[in-house]
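Below is one structure, written out as structure tokens; the observations come after it.
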Amino acid sequence: RYSVKMPSVYEFGASCASAAFAGGVTVAIFNPLDTVKVRYQVTPMETAPISIFKFGRDIIAKEGLLAGLWAPGCLANGFGIGMSSMGRVGLYPFIRDLVAPPSSGGASPGTMFTSGLLAGAIGYWCSSPVYQVKTLKQAEAGVLDTNGKLLSGSKAGQLAVYHGRSLISCLGTLASQRALFRGSSALVVRGALLSAGNCVGYDGCKTYARKMNVQEDNNIHGDLSVGSTKKESPYVHILASIVGAFVGTVTATPADVLMTRYQSQPFPNLTACLRHIIQTEGPLGLYRGFLPFFVRLAPVFVVSLPATEQLRRLLGLGYI
């Protein structure tokens with residue numbers, strides 16, 4: 001039998017707070033990468049450039065970097081990812097260690113995947129209303145005229161519903177429509193799969209480094225068990241973040257495309273949205289935007305996960 005150490009209130013709160021702060025601030029900084037991904041996904045294939053990079057350059061040339069890519073949904077993105085990170089990153093170590101206590105020899109990839117799946121589902125369900133506002137704002141992004149009509153973007157010629165309004169105002173509109181959790185099932189699936197893939201890649205890479213006794217700076221050796229207070233190499237954290245971003249992109253892109261289309265376009269249900277994508281674009285349509293999704297996730301994870309590790313250390317917690 002293996003002993004399970006229950007976290008204190010401080011440990012629980014500090015873990016969630018460090019994850020929320022690092023995740024929310026980092027995502028707000030890299031919001032242009034998320035905006036270009038969403039705007040590309042909702043633009044009809046016949047009008048969108050083949051290259052996502054040309055698509056982004058065209059937006060910057062017409063609308064400017066700040067107005068076209070940085071401002072849309074930035075606050076909602078920061079808050080939403082901060083909330084989801086509390087579950088995806090903050091809760092993950094506790095769930096993993098509850099299923100596979102460190103005294104048992106550590107977690108297997110299957111345990112990491114399952115723990116990440118559950119942690120991600122909790123975090124993304126809680127953040128679903130805010131995340132929906134983020135998606136709606138980014139999908140509607142474009143230049144507005146004096147009458148509130150969009151002059152550019154995928155909804156050019158239409159009156160803006162969410163673009164240019166505050167987060168609270170947009171949440172109020174969704175609440176009045178009883179649509180705060182519209183598309184939440186797709187978001188939860190997407191978030192859970194992203195979290196599971198990221199945890200397998202990130203935690204798995206770190207676990208391998210521990211087995212190889214890689215410690216801080218130039219392969220110094222030592223005890224690096226889960227939760228150890230000894231310093232881990234920042235290079236391990238960076239490499240593990242990139243691996244986690246790639247695996248998370250592979251597992252989550254289909255759900256990400258489905259969620260973006262469903263929340264930003266008038267489909268009656270998720271099944272109808274999925275059927276439309278497959279019929280018009282083929283199965284690979286579910287991986288449309290894979291590269292910008294990875295390009296967006298990689299720098300976010302490379303900054304936020306090592307930052308979370310350092311915040312945990314400063315707060316007296318062990319590494320993830």
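The values are calculated or read from the model by the stated rules, or taken from the named source; none is laboratory data. Source: prediction; values computed, not measured. Here Cβ is always computed from backbone atoms with ideal geometry, including for glycine, and neighbour counts include all displayed protein chains. Calculation scope for accessible area: heavy atoms of the full protein, side chains included, ligands and nucleic acids excluded. Shrake-Rupley method; radii C 1.70, N 1.55, O 1.52, S 1.80 Å.
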Residue check, LEU75 open to solvent by 30 Å² or more (accessible area, probe 1.4 Å), closer than 21 Å to CYS126 by Cβ and more than 17 Å from the chain's Cα centre (by Cα): no
Output for segment 40-80, where each listed residue is without any contact (Cβ under 8 Å) to a residue 12 or more places away in the chain and part of a helix (DSSP H, G or I): PHE53, LYS54, ARG57, ASP58, ILE60, ALA61, LEU66
Residue that is open to solvent by less than 30 Å² (accessible area, probe 1.4 Å) and not hydroxyl-bearing (Ser, Thr, Tyr), where the choices are LEU297, LEU239: LEU297
Qualifying residue in segment 310-320 (condition: within 24 Å of GLY56 (Cβ to Cβ) and surrounded by 19 or more Cβ atoms within 10 Å (Cβ to Cβ)): no
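Here's the yes/no breakdown for (1) crowded, with 17+ Cβ neighbours inside 10 Å; (2) touching a strand residue (DSSP E or B) at 6+ places or on another chain (Cβ under 8 Å); (3) at positive phi; (4) among the hydrophobic types (A, V, I, L, M, F, W, C):
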| site | (1), (2), (3), (4) |
| --- | --- |
| PRO32 | yes, no, no, no |
| THR43 | no, no, no, no |
| ALA48 | yes, no, no, yes |
| SER51 | no, no, no, no |
| LYS62 | no, no, no, no |
| ALA71 | yes, no, no, yes |
| GLY87 | yes, no, no, no |
| PRO93 | yes, no, no, no |
| ARG96 | yes, no, no, no |
Pairs with Cβ under 7 Å, 6+ apart, first in segment 106-130 and in contact (Cβ under 8 Å) with a residue 40 or more places away in the chain, second open to solvent by 40 Å² or more (accessible area, probe 1.4 Å) and outside any helix (DSSP H, G or I): GLY106/VAL226; SER128/PHE181; PRO129/LEU180; PRO129/PHE181
Where a residue in segment 269-291 is within 25 Å of LEU33 (Cβ to Cβ) and its partner, wherever it lies, is open to solvent by 30 Å² or more (accessible area, probe 1.4 Å) and assigned to a loop (DSSP other than H, G, I, E, B), with Cβ under 6 Å and at least six apart: CYS273/PHE267
